[in-house]
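K.L.:
Before we start, here is the structure in question, set down as structure tokens.
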Amino acid sequence: MTTQPSLIAMMVSALGLTGDEQVLEAGTGYGWPTALLARLAAYVVSVERWPDLVDEARLRLAGQGVGNAEVVLGDGTLGMPTRAPYDAVIVCAAFPRVPEPPVEQLRTGGRLVQPIGHGGQEHVQLYERRARGLVHRRMVTAARFVRLYGAHGYDQH
């Protein structure tokens, strides 16, 4: 539920945020990455599948006076189409491939960072959205993440 802060910093840095982006985060956790993203981007929509973590993240963000981030209960693999398009997407859980819905919600020229693997031994990858889909840009780092569950991830049952 909590990812090492230095790892989150590397993932966020790879997005190359300049301050005016709209960001989609899949996997809020306790909200620390969300708060960081909110300081570096114009607006953050974060989707979390666990109700208790949604409540906790909302409280923490409000306590820090973060007003440009929205935490939503839902399936992060589906993204949040009602707020699209996004300039950047960060997926904070592992799956062997990038889920298609967040890619479709990413603006052309936008960046996406996600740990690619089966859960436990991944490579965080940076992609860029082009007219024909995602283009791999570089490996950010090796890491260990929890698995990505949802309609376009691992089965939740």
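K.L.:
Compute the accessible area per residue over the chain, keeping the other protein chains in place, probe 1.4 Å, unit Å².
P.N.:
Spelled out: the 1.4 Å probe surface of the chain, per residue, equals 49 Å².
K.L.:
On to the next question. Quick query: amide H of Leu106 versus all other amide H atoms, modeled in the peptide plane; which residues come in under 5 Å with a sequence gap of 5 or more or a different chain?
P.N.:
It is Tyr86, by chain and number.
K.L.:
Helix-only estimate, please: 222 nm mean residue ellipticity of the chain, summing -39500 (n - 2.57) across DSSP H runs of length 4 or more and dividing by its residues, to the nearest 500.
P.N.:
After summing the helix terms and dividing by the residues of the chain, the value is -6500 deg cm²/dmol.
K.L.:
Could you give the length gained on full extension between Glu70 and Asp20, defined as 0.36 nm per residue of separation minus the Cα-Cα distance, in nm?
P.N.:
Contour length minus the Cα-Cα distance gives 16.4 nm.
K.L.:
Heavy atoms only, probe 1.4 Å: what % of the accessible area of the chain goes to carbon and sulfur, would you let me know?
P.N.:
For the chain, the apolar C and S fraction of the accessible surface comes to 52 percent.
K.L.:
Moving on. Give me a comma-separated list of calculated 3J(HN,Hα) values for the stretch 45-59, in order, Karplus coefficients 6.51, -1.76, 1.60 applied at θ = phi - 60°, integers in Hz, x for any Gly or Pro.
P.N.:
10, 10, 10, 10, 8, 9, x, 5, 6, 4, 4, 4, 5, 4, 5
K.L.:
Testing the spin-label approximation: label points 7 Å from Cα along Cα→Cβ at Glu100 and His123. State their distance in nm.
P.N.:
Going by the 7 Å Cα→Cβ label model, 2.5 nm.
K.L.:
Starting with the highest mean, order 90-99, 10-19 by the number of other Cβ atoms within 10 Å, averaged over the residues of each peptide. List each step's numbers first, then the result.
P.N.:
Working: 90-99: 21.8, 10-19: 16.6.
In decreasing order of mean packing, 90-99, 10-19 become 90-99, 10-19.
K.L.:
Quick check: residue separation of Met139 and Asp55 times 0.36 nm, minus the Cα distance between them. What number comes out in nm?
P.N.:
27.0 nm
K.L.:
Across the stretch 32-42, in residue order, what do the Karplus-derived ³J(HN,Hα) couplings come to in whole Hz, using 6.51 cos²θ - 1.76 cosθ + 1.60 with θ = phi - 60° and x for Gly and Pro?
P.N.:
4, x, 4, 4, 4, 4, 5, 6, 10, 10, 6
K.L.:
Just checking my list (1) 1.24; (2) 0.92; (3) 1.40 against Rg/Rh (Cα atoms, Kirkwood Rh) computed from this structure; which label fits?
P.N.:
(2)
K.L.:
Continuing with this model, one more query. For Gln64, what is the net charge nearby, where nearby means another residue's Cβ is under 15 Å from its Cβ and Lys, Arg count +1, Asp, Glu -1?
P.N.:
Around Gln64, the surrounding residues sum to +1.
The values are calculated or read from the model by the stated rules, or taken from the named source; none is laboratory data. Just so it is clear, the model here is predicted, and its values are computed rather than measured. Quick reminder, even Gly has a Cβ in these numbers, built from the backbone with ideal geometry, and neighbours come from all protein chains shown. Ligands, DNA and RNA are stripped out before the accessible areas are found, and what is left, the full protein with its side chains, is counted by its heavy atoms. Shrake-Rupley method; radii C 1.70, N 1.55, O 1.52, S 1.80 Å.
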